[in-house]
1. Among the residues in region 138-150, are any at pLDDT below 95, exposed (fewer than 15 other Cβ atoms within 10 Å of the Cβ), among the β-branched types (Val, Ile, Thr) and within 30 Å of Val200 (Cα to Cα)?
2. When you scan region 172-179, do you find a residue that is of a type in the set (D, E, K, R), touching a residue at least 12 places away in the same chain (Cβ under 8 Å) and surrounded by fewer than 23 Cβ atoms within 10 Å (Cβ to Cβ), even just one?
3. Give the residue that is surrounded by the fewest Cβ atoms within 10 Å (Cβ to Cβ), with candidates limited to residues of region 224-236 that are without any contact (Cβ under 8 Å) to a residue 60 or more places away in the chain and part of a loop (DSSP other than H, G, I, E, B).
4. Being in contact with a helix residue (DSSP H, G or I) (Cβ under 7 Å, 6 or more places away or on another chain) and in a strand (DSSP E or B) is the filter here, so list the residues in region 178-199 that pass it.
5. Looking only at region 296-338, which residues are among the charged types (D, E, K, R) and outside any strand (DSSP E or B)?
6. Tell me yes or no: at least one residue of region 209-220 is within 21 Å of Glu28 (Cα to Cα), part of a strand (DSSP E or B) and hydroxyl-bearing (Ser, Thr, Tyr).
7. Failed condition for Leu27, given (1) modelled with pLDDT of 75 or more; (2) not in a helix (DSSP H, G or I), with all others met?
Amino acid sequence: MTSEDRAWVLIARSVSGDMTPEEVQELELIFQALPELRADYDHVKRLKLNTPVAASIQERQALERGLQKLDHSLANENRSMERLLFNNEPEPLYSKSSKWWMAAASIVVLFTVGAVARYFKNPTINHTQQQLAANYGKRIHAVLPDGSSVWLNSGSTIKYADNLTVDGKREVTLNGEAYFDVKHDTVHPFIVHAGKMNVVVLGTAFNVRAYRGDGFIETTLIRGKVEVMNLNKPGENIVLYPNEKVTLATQSELTQKSKVILKNSMPVTDSISTTADIVLPNEAIIETAWVNDKLTFKKENFSDLAKQLERWYNVEVTFDNSNYNSREFTGTFKDQNIDEVMRALQLIEPFHYNLKNNQIHIW
């Protein structure tokens with residue numbers, strides 16, 4: 001199925017009101033590649049929603065093209081609803097009066113769209129899923145099937161099809177935090193699904209943080225260009241340039257775009273990389289310091305910092321005194337154990353703690 005044929009299937013699902021967030025994004029990507037389809041889509045959607053009135057020649061031509069595309073797509077799957085409805089080839093759209101044409105068009109649109117929606121709601125093609133996981137206390141690097149590199153922070157996983165590419169797209173689903181250095185490919189866009197955020201790129205380096213339970217999802221761009229899509233706000237995409245980031249609140253519609261604080265520091269070579277000459281992002285960038293094996297935080301309240309400590313050191317933190325939950329901390333640690341980190345934090349706030357069998361109690 002070509003991109004144009006796939007677009008008409010998605011248009012059918014859109015008009016029927018039965019699109020998934022992933023399909024909304026997919027259709028938008030096709031519109032970017034084939035902008036002439038967007039105008040046809042607008043005409044078809046307006047005809048479907050409006051009451052039967054005389055349509056313009058342009059609208060009728062758009063609908064006819066749409067019906068032909070839909071019929072062609074369905075015929076490939078032996079699902080030609082137009083032929084089922086009329087029990088033969090439908091008559092040319094312009095052969096009858098405008099009133100008859102609009103009535104027939106409405107029937108064809110409603111039933112054909114419904115058939116496409118039902119048929120494609122549960123695709124029959126299954127792709128074997130691969131998963132990469134970094135356990136608590138670990139950080140890993142891997143090379144994906146397309147040659148792109150990915151680093152996973154502690155407590156993170158990514159899932160993807162066995163050959164990574166499905167329907168012309170390279171797609172991964174992230175839970176946690178990952179840094180991607182994507183191999184450039186103008187034909188196959190690279191998409192990261194992270195909660196209600198999708199990040200679309202062709203070839204670039206960026207960080208995505210999307211831990212379940214955190215109050216935000218964040219993308220930070222290091223090199224190249226990315227487009228961030230908020231699935232709760234289709235069409236309101238955000239383009240990021242180097243040293244910019246976007247943060248989406250998980251429990252609200254709040255979206256914030258900002259610049260990344262950058263200090264003078266040279267990129268370093270990753271010591272755990274499985275590929276030669278892999279260069280990591282500037283180690284002074286807080287958002288990607290973890291890739292350089294640095295635990296870095298700025299004005300982080302203790303309860304949120306505790307989540308990072310749990311993932312980083314594979315411990316469990318319990319507050320026996322909630323008065324410390326909102327206290328803020330700023331710091332950077334590299335190669336220190338958890339006891340050394342806790343004693344350093346005590347110099348900022350005079351709390352008490354007990355560490356035993358990877359259990360930390362704070363009071």
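1. Checked region 138-150: no residue is at pLDDT below 95, exposed (fewer than 15 other Cβ atoms within 10 Å of the Cβ), among the β-branched types (Val, Ile, Thr) and within 30 Å of Val200 (Cα to Cα).
2. Scanning region 172-179, I find no residue that is of a type in the set (D, E, K, R), touching a residue at least 12 places away in the same chain (Cβ under 8 Å) and surrounded by fewer than 23 Cβ atoms within 10 Å (Cβ to Cβ), so the answer is no.
3. Glu236
4. Selection gives Tyr179, Asn198.
5. Asp304, Lys307, Glu310, Arg311, Asp320, Arg327, Lys334, Asp335
6. yes
7. For Leu27, the exception is condition (2).
The values are calculated or read from the model by the stated rules, or taken from the named source; none is laboratory data. In this text the structure is predicted, and so the values were computed from the model without any measurement. A quick note on method: Cβ atoms are made from the backbone with ideal geometry, for glycine too, and the neighbour counts reach across all protein chains shown.
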